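The values are calculated or read from the model by the stated rules, or taken from the named source; none is laboratory data. Owing to the predicted nature of the structure, the values given are computational and were not obtained by experimental measurement. Cβ: placed from backbone, ideal geometry, glycine included. Neighbour counts: every protein chain shown.
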DNA sequence: TTGACATGCAACCATTTGGTTGCATAATAT
DNA sequence: ATATTATGCAACCAAATGGTTGCATGTCAA
């Protein structure tokens with residue numbers, strides 16, 4: 001559940017789709033999450049395992065079913081850290097970029 | 001420069017390191033960005049190309065050198081969209097409050 | 001002009017990744 | 001008790017990824 005795990009987990013469109021689905025309705029079973037997706041249940045299982053490892057979802061066994069719950073904290077943490085990090089230099093970066101482009105323009 | 005491109009670009013630790021370096025000092029040349037990294041210049045070139053494709057950096061040629069400038073906009077966009085999506089209101093309010101208190105503390 | 005420096009391009013390689021199929025196991029419903 | 005349902009596990013596979021080496025090109029300095 002390192003920062004790297006979270007970034008890599010989010011770096012795949014299928015996994016973001018799964019998060020979207022859980023966001024739409026939390027606590028879905030594996031089978032429910034598979035419905036309508038263009039891959040096998042086993043592929044989905046692997047994706048969910050990666051998301052779980054990144055602490056982006058939590059899992060609860062209920063009888064023979066496995067319920068999946070989204071955990072927004074890691075996303076929030078990372079998003080905030082990166083917004084914070086890059087907004088601090090925001091204007092400076094933009095003006096440097098603009099200056100560079102202008103110089104390019106004038107030649 | 002799709003959302004997917006940005007997520008995938010951020011999904012690699014080496015590329016995040018490069019962004020960190022540019023954040024620390026913007027407008028660095030390829031050679032400068034390579035210094036001290038445990039990979040060849042060509043590998044760095046590939047990473048930078050991916051970052052550029054994701055619109056996370058902009059490039060300007062200056063003589064025989066290539067200058068790299070960070071572009072914080074896609075990161076902000078995505079981070080905000082995902083924060084908004086995953087904790088509409090709640091955690092956002094908390095962090096805003098926390099930030100306000102910290103600023104209050106420091107002044 | 002010639003040598004050194006900064007970068008570009010292409011082929012190649014090992015590993016990781018995202019996916020599959022097939023079978024096993026556990027819980028529920030009939 | 002048995003069939004059905006929900007999930008787990010392992011082997012396998014093609015393609016993408018992250019990296020390399022070797023050489024070419026363009027630019028600056030002596």
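List of remarks:
- The set of residues in region A:1-19 that are modelled with pLDDT under 95 and either on the phi > 0 side of the Ramachandran plot or surrounded by fewer than 14 Cβ atoms within 10 Å (Cβ to Cβ) (or both) comprises A:1, A:2.
- For region A:51-70, the set of residues classified as within 16 Å of residue A:21 (Cα to Cα) and surrounded by 18 or more Cβ atoms within 10 Å (Cβ to Cβ) consists of A:51, A:56, A:57, A:68, A:70, listed by residue number.
- Criterion: within 29 Å of residue B:14 (Cβ to Cβ) and within 13 Å of DNA strand C (Cβ to nearest atom) - qualifying residue of A:40, A:29, A:17: A:17
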